[in-house]
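None of the figures in this text is laboratory data; all of them are computed from the coordinates on show. Remember, it's a predicted structure, so these values are computed and weren't measured experimentally. Because the Cβ atoms are built from the backbone with ideal geometry, glycine has one as well, and the counts that use them run over all protein chains shown.
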Amino acid sequence: MRLGKYGSAWLALVTAACAGAGPGQPAPAASPRPTLVVFITVDQLRADYYDRFRPQLRGGLARLFEGGAVFTDAHQDHAITETAPGHASTMSGRFPRSTGIIRNAAGVNVADAPLIGASDAGASPVRFRGTTLTDWLIAADPGTRALSVSAKDRGAILPIGRSKQQVFWYANNGTFTTSTWYADTLPTWVRSFNARRLLHRKAGQAWTLLLGESSYPERDSVSLESGGRNFTFPHQLPADSAAAAANARYTPFMDELTAAFALQGVRAMDLGRGPTTDVLAVSFSATDYVGHFYGPESRELHDQILRLDRTLGAFIDTLYTLRDSTRIVFALTGDHGVCPIPELHGGLRVDIRPAMSVARRVIAEAGGDTTAVDLESGALFVDAAAARVDPAKVADAFVTAALKVPGVLRADRFRDLANRDLAKDAIARRWLQSFPDDQRPMATVTLTPGNIYNYPVTATHGSPHDYDSHVPIVFYGARFKAGRYGSFVRTVDIAPTMARLLGVNPTERLDGRVLTQALGR
């Protein structure tokens, strides 16, 4: 873990932010104004995947990374590196402390926004605070429209924020849908696409290797993968069509479907035709599903990235047949990285329950409700009213006990983190940037690098360590200056950079800054 690397860079960023750094005056129009912004998020896209698989990439990843402005030291600079906080930060230009989306469990799922035609959990952006790039574009031109698509509800909702645009995600019944927060019925084009039952028709088919077996150096016999079941190629989908449509999430077929649905939306909505600037946000989720089930060093992950590359290539090629390529700009990033399978590298699956038991004992002794304490991804929350005891007393007991648990690197009372040298202590900085004042935890736990919590999953993410925070940032299009840039940047810098390029101003103060290197000025 590198704690001292970012000192001067981070201080420069803070200085710029305190000075009100942002898009400022609109950039001069060096080329026709873009009519379509394509924002691509790849769920669980580690920064090293491109270089690792580069010789075999032939499609969209190759095009974007080789022809774009690529930032190689980019980070989701917050501590709970999960899907919801990551997606909320990228197009808003703000950390979780500002968006209010601090963790998956308190992300988009709500009971009062049921889905249309599906029984999955309801979802809406009601917890999201503030605005996004889409809102800034609409403020400049009310004609701006947006379409956001993902296999996951949070992957579709949070890049757009609270804007009531066209937002759709994949339900377990094999259809794309939305919630009643957005609409009462599905548009005709969505119903028509669902009627094709594309993943239902995959019943009985198998996910096989894209290339010959000799092209994959990874062992295909690691029993730690997929819970010890179905961990070798080929991966057969169930013969039942409904089960196949649900299980296809965990294969590259899901990304192919997502791309096809997004393109159908572009056609149906006539998105990006001009003269306004429209937004197409697409979050590809299969890399996350595959990474969790098989791990980042698996043959499955290798094949998934190769197939994603081809899917993105076809996606970009089709967009270019539909719209003027000189008037489309792209941004690509990941919402988080992932930790390798601990057992393959001498790591541990850490059981934090002893520390939680101590915290509950303090509450029980005070006559409180022991469910008043909650831990997610290392953040300890205490409901003071239900606990009937000073939360600080609970936190003190928890921290003391957590420091004795094997595999724990550090345990901090949240109030003490601000006293750290944040230019040198990236862990403290990321924890502080994770929570608004009204959602602060009482304490935080950080595991030793390479360790994960004892969850029933092959590999996971969620820590403030670099392997979870480090993601790529790529800008691509006629008005970007191609090249590889090694300076330390954050995903909150994407939105202000796009705003500067598009000549619009944010409607609120941002945590991010403009990456002028990408703009060439």
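Among all the lysines, which ones have a C-alpha under 18 Å from residue 424's C-alpha, if same-chain residues fewer than 8 places away are not counted?
Cα-Cα hits under 18 Å: 5.
Scan region 33-64 for trypsin sites (Lys or Arg not before Pro) in coil per DSSP, keeping those whose Cβ has at most 14 other Cβ atoms within 10 Å, and list them by number.
Listed in order of number, the matching sites are 58.
Select from 423, 451, 354 the residue farthest towards the positive end of the dipole of region 349-453; place +1 on Cβ of Lys and Arg, -1 on Cβ of Asp and Glu, and compute about the Cα centre.
The one lying farthest along the dipole's positive direction is 451.
Sorted by average packing, counted as other Cβ atoms within 10 angstrom per residue and highest first, what order do 324-335, 201-212, 506-517 take? Don't skip to the end; give the middle numbers.
Working: 324-335: 22.3, 201-212: 14.6, 506-517: 19.8.
Highest mean packing first, the order is 324-335, 506-517, 201-212.
Might you report the magnitude of the Cβ-based charge dipole of region 356-400 about its Cα centre, with Lys and Arg at +1 and Asp and Glu at -1, to the nearest 20 debye?
It comes to approximately 140 debye.
Quick one: work out the % antiparallel among DSSP beta bridges in the chain, nearest 5.
Beta bridges within the chain, antiparallel portion: roughly 45 percent.
Taking the Cα centre of the chain as the origin, how large is its charge dipole in debye, to the nearest 20, when only Lys and Arg (+1) and Asp and Glu (-1) carry charge on their Cβ atoms?
Roughly 900 debye, rounded to the nearest 20.
Compute the separation of the alpha-carbon centres of region 298-330 and region 490-521 and state it in Å as a whole number.
What the calculation gives is 24 Å, centre to centre.
Checking the cross-link filter: which lysines have an alpha carbon closer than 24 Å to that of residue 202, excluding same-chain neighbours under 8 positions apart?
152
For the ranges 377-386, 181-190, what's the packing order if you count other beta-carbon atoms within 10 Å of each residue, average per peptide, and put the highest first?
Details: 377-386: 19.5, 181-190: 15.5.
Highest to lowest by the protection proxy: 377-386, 181-190.
Once you place label points 7 Å from the Cα toward the Cβ at residue 438 and residue 484, how far apart are they in nm?
That separation, rounded to one decimal, is 4.6 nm.
So, with +1 on the Cβ of K and R and -1 on the Cβ of D and E, and no other charges, what is the size of the charge dipole of region 349-453 about its Cα centre, to the nearest 20 debye?
The calculation lands at about 340 debye.
Among 251, 95, 442, which residue has its Cα positioned farthest towards the positive end of the charge dipole of the chain, with +1 placed on the Cβ of Lys and Arg, -1 on the Cβ of Asp and Glu, and the dipole taken about the Cα centre?
My answer, from the dipole projection, is 95.
Pop out the ³J(HN,Hα) list for region 323-337 in order, Karplus 6.51 cos²θ - 1.76 cosθ + 1.60 with θ = phi - 60°, rounded to Hz; leave Gly and Pro as x.
Residue by residue, region 323-337 yields 9, 5, 4, 6, 10, 10, 10, 10, 9, 10, 7, x, 7, 4, x Hz.
Pick out, from 262, 116, 83, the residue whose Cα sits farthest towards the positive end of the charge dipole of the chain, with +1 on the Cβ of Lys and Arg and -1 on the Cβ of Asp and Glu.
The listed residue farthest towards the positive side: 262.
Rounded to whole Hz and in sequence order, give me ³J(HN,Hα) for region 432-437 from the Karplus expression 6.51 cos²θ - 1.76 cosθ + 1.60, θ = phi - 60°, writing x for Gly and Pro.
5, 7, 9, 9, x, 4
Between rounded, prolate and oblate, where does region 349-453 land on the alpha carbon gyration tensor, with a ≥ b ≥ c its root eigenvalues, rounded for a/c under 1.5, else prolate if a/b exceeds b/c?
Cα axes put region 349-453 in the oblate bin.
How large is the helix-only mean residue ellipticity at 222 nm for the chain, computed as the sum of -39500 (n - 2.57) over DSSP H runs with n ≥ 4, divided by its residue count, in deg cm²/dmol to the nearest 500?
Result for the chain: -9000 deg cm²/dmol, rounded to the nearest 500.
Give me the lysines in straight-line cross-link reach of residue 393: C-alpha distance below 26 Å, same-chain residues under 8 apart excluded.
Filter leaves 404.
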